[in-house]
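Asker: Have a look at this one.
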Ligand code: UDP
Ligand code: MG
């Protein structure tokens, strides 16, 4: 089955899901801020479903017969934002699948929304988000991490030219999304310059403030 059958998601005028049933946490931060690393820690402790918009786009790009493959490739290499209809449809399809097949209802949506129109369209037509986890790090820290990752990631955009363009897109296009959510008091901002474990400790403390706790498996002793 193709990853995208139609691009109808963004034409809806009301959300597909209610935030009472489906919880979305957006995960934002500059390229190399550590979104993916932190998301994988959260998945194992909290049981969230992690969906990386970038990974979904790369998957669609590589899917044989995709009519969007070439377009996606160009945008990613240039560090610009793929038209939202494609990204939102990919996210919606992946959410639907995780709900049906894994019975998931809480999602970490990583690397999205990167542009205000995406944020508005997603919240209008898919589901309003609960809050945004924002990983804050200066460019010199992120650059070092990305160049290091570039040695093994095989990603077409982990090179200095693409990285510079991604930084620019982040500041000019993506930060306004964080600012808007911040003005709505819907941002958890974490200092992402420390080690992954230190950052994670902060994340956990902040999630607790929002009433979000790790999954604890309780074994009740039943002595016969
Ligand atoms: N991208 C996009 N829309 C999105 C998410 C990603 O167009 O909502 C594209 C964009 O070109 C971006 C690239 O995918 O530079 C890589 O995104 P990813 O999140 O994988 O990069 P990261 O932030 O993890 O370095
Ligand atoms: Mg990532």
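The values are calculated or read from the model by the stated rules, or taken from the named source; none is laboratory data. These numbers were taken from a predicted model, which means no experiment stands behind them. Neighbour counts are summed over all protein chains in view; Cβ atoms, including those assigned to glycine, are modelled from backbone coordinates with ideal geometry.
Asker: So, residue 197, is that one free of Cβ contacts under 8 Å to residues at least 24 places away in the same chain, exposed (fewer than 14 other Cβ atoms within 10 Å of the Cβ), under 22 Å from residue 42 (Cα atoms) and over 18 Å from the mean Cα position of the chain (by Cα) or not?
Answerer: Working: free of Cβ contacts under 8 Å to residues at least 24 places away in the same chain: yes; exposed (fewer than 14 other Cβ atoms within 10 Å of the Cβ): yes; under 22 Å from residue 42 (Cα atoms): yes; over 18 Å from the mean Cα position of the chain (by Cα): yes.
Spelling it out, residue 197 is indeed free of Cβ contacts under 8 Å to residues at least 24 places away in the same chain, exposed (fewer than 14 other Cβ atoms within 10 Å of the Cβ), under 22 Å from residue 42 (Cα atoms) and over 18 Å from the mean Cα position of the chain (by Cα).
Asker: Does residue 180 count as surrounded by 14 or more Cβ atoms within 10 Å (Cβ to Cβ), out of contact with any helix residue (DSSP H, G or I) (no Cβ under 6 Å at 6 or more places or on another chain) and at pLDDT 95 or above?
Answerer: On the way: surrounded by 14 or more Cβ atoms within 10 Å (Cβ to Cβ): yes; out of contact with any helix residue (DSSP H, G or I) (no Cβ under 6 Å at 6 or more places or on another chain): yes; at pLDDT 95 or above: yes.
Against the criterion (surrounded by 14 or more Cβ atoms within 10 Å (Cβ to Cβ), out of contact with any helix residue (DSSP H, G or I) (no Cβ under 6 Å at 6 or more places or on another chain) and at pLDDT 95 or above), residue 180 qualifies.
Asker: Considering only residues that are within 15 Å of the chain's Cα centre (by Cα), within 11 Å of ligand 1 (Cβ to nearest atom) and in a helix (DSSP H, G or I), which ones fall in region 116-154?
Answerer: 118, 119, 122
Asker: Also, quick follow-up: Yes or no: residue 81 within 16 Å of ligand 1 (Cβ to nearest atom) and touching a strand residue (DSSP E or B) at 6+ places or on another chain (Cβ under 6 Å)?
Answerer: Judged against the criteria, residue 81 is not a match.
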